Amino acid sequence: MLTFTKHDTATCPDCGSPLVYGTKEEASGWKVYYECNDRCGFERMAGWVKLSDIEHRDEVNERAREMGERWAGP
């Protein structure tokens, strides 16, 4: 189950609403997903955080948030 967090600055490229992100734990890391908060249909797997690349679980959320910067406004 994914729990989503609202991104501070990322907006949906389709409708302009805020984006939310969540992580899904896998055996060797976490998949990072972004979707439109208004559920217009925008959903993307933004990337992957490898277990071997982090020292603390908080780093997963930080990296997931950073992945959303590609959808942040100017």
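The table below gives the values:
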quantity	calculated
Computed over the chain: relative contact order in percent, which uses C-alpha pairs under 8 Å that are six or more apart	30 percent
Neighbourhood net charge (13 Å Cβ-Cβ; Lys/Arg +1, Asp/Glu -1) for LYS6	-2
Helix-only [θ]222 nm of the chain, DSSP H runs n ≥ 4, -39500 (n - 2.57) each, per residue, nearest 500	-4000 deg cm²/dmol
Dimensionless Rg ratio for the chain, taking C-alpha atoms and the 2.2 N^0.38 Å reference	1.07
Per residue value of the accessible surface for the chain (all protein chains in place, 1.4 Å probe), Å²	65 Å²
10 Å beta-carbon shell around CYS15, net charge (K/R +1, D/E -1)	-1
With Cα atoms, 0 to 90° folded angle of helix 58-67 axis to the chain main axis	40 degrees
Summed residue charge, Cβ within 14 Å of GLU35's Cβ, Lys/Arg positive, Asp/Glu negative	+2
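The values are calculated or read from the model by the stated rules, or taken from the named source; none is laboratory data. Being a predicted model, the structure only gives us computed values, none of them experimental. Note that we place each Cβ from the backbone using ideal geometry, even for glycine, and neighbour counts take in every protein chain shown. Quick note on the areas: whole protein, heavy atoms, side chains included, nothing else; ligands and nucleic acids left out. Shrake-Rupley method; radii C 1.70, N 1.55, O 1.52, S 1.80 Å.
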